[in-house]
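Report on the structure given below.
Just so it is clear, none of the values below were taken in a lab; they were calculated from the coordinates. All values derive from a computational prediction rather than experimental measurement. All Cβ positions, glycine included, derive from the backbone under ideal geometry; neighbour counts span all protein chains shown.
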Ligand code: CP
Ligand code: NVA
């Protein structure tokens, strides 16, 4: 395992499978009533949020508590990671108190700089570039449903954003085929493409015969000013019943990392029909992040 988890690219194929297996084990144990509180007993894990969060915030805090560690929550106003003092000093000082740190912020360079100067493991809880914790929960959910990740086709409809990029990296590592349909100019970036990825502009082309249909918001956190323009550009890049019926396999599941905007990237009907899978995907953040924290512990 790497020292930090900033990008899915930090993991090897074996790391990915080990994390998924360990997540499944931790999940089964928790459901069987096992106590995990000895695993990180006496440790302190910091969480810095420079953007809003529901799932990441709660699943990390609950996971940290379940592992017997103490969560230290810092919001943007308190820590001012990019203002009050240098990131070098923030990283060096936090390393004196904490055993691990999770950061959600804007620029990916911010988590990279903090990690570079930290002597403790740093986890990316979402940057503008990647959402690597989300990807592990996504893959666990798909594997739970199909029993395997082999011979599946994932279709991602919408913005080539942080969620899409991390998922593409994981699919490339694992040899899972993924098709991305996005408007012109909203591609994830060439660096994320590989022989297993297919980026196009037609939703039908991407969704054809897919086993998994995935979507995320048209405007990510920090892009609020572009929301109106994006609504126009992304019209048609919507997961709805017609798309599912016309193109995806009849057995396809729908994933959404949430938060969702009904009537934009997904219809209320599609979300309702696939709610159980999407909620399991949110639940799986807890189990996968526990596995990540345990794999990074010093
Ligand atoms: N999916 C996800 O990361 O949700 P939050 O933004 O609520 O943490
Ligand atoms: N792409 C979204 C994901 C939210 C979990 C964002 O960055 O806002």
GNM result for the chain, Cα springs below 10 Å: residue of 149, 229, 11 fluctuating most strongly = 229
Hey, got the Cα dimensions of the stretch 1-87 along the principal axes, in Å, largest first?
-> 44, 30, 24
Where N is the number of residues in the chain, Cα Rg divided by 2.2 N^0.38 Å | 0.98
How high is the relative contact order of the stretch 27-139, given as a whole-number percent (alpha carbon pairs under 8 Å, six or more residues apart)?
-> 26 percent
Say we join alpha carbon atoms closer than 10 Å with springs in a Gaussian network model of the chain; which of 111, 72, 176 then has the biggest fluctuation?
-> 72
Among DSSP beta bridges whose residues both lie in the chain, state the antiparallel percentage, nearest 5.
-> 0 percent
Spherically averaged projected area in nm², based on the convex hull that wraps the Cα atoms of the stretch 228-298 = 6.7 nm²
Between the alpha-carbon centers of the stretch 138-175 and the stretch 226-243, tell me the distance in whole angstrom.
-> 21 Å
Residues 60, 106, sorted so that the one with the fewest Cβ neighbours within 10 Å comes first | 106, 60
Over every pair of different alpha-carbon atoms in the stretch 52-187, take the mean of 1/r and invert it; report that Kirkwood radius in Å.
-> 16.7 Å
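Compare the peptides 257-264, 209-216 by average per-residue count of other Cβ atoms within 10 angstrom and give them in order, highest first.
Going from most to least packed, we get 209-216, 257-264.
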Give the angle, between 0 and 90 degrees and rounded to the nearest 10, that separates the Cα long axis of helix 275-296 from the longest principal axis of the Cα atoms of the chain.
-> 30 degrees
Could you state the number of Å between the C-alpha centres of the stretch 193-225 and the stretch 77-118?
-> 31 Å
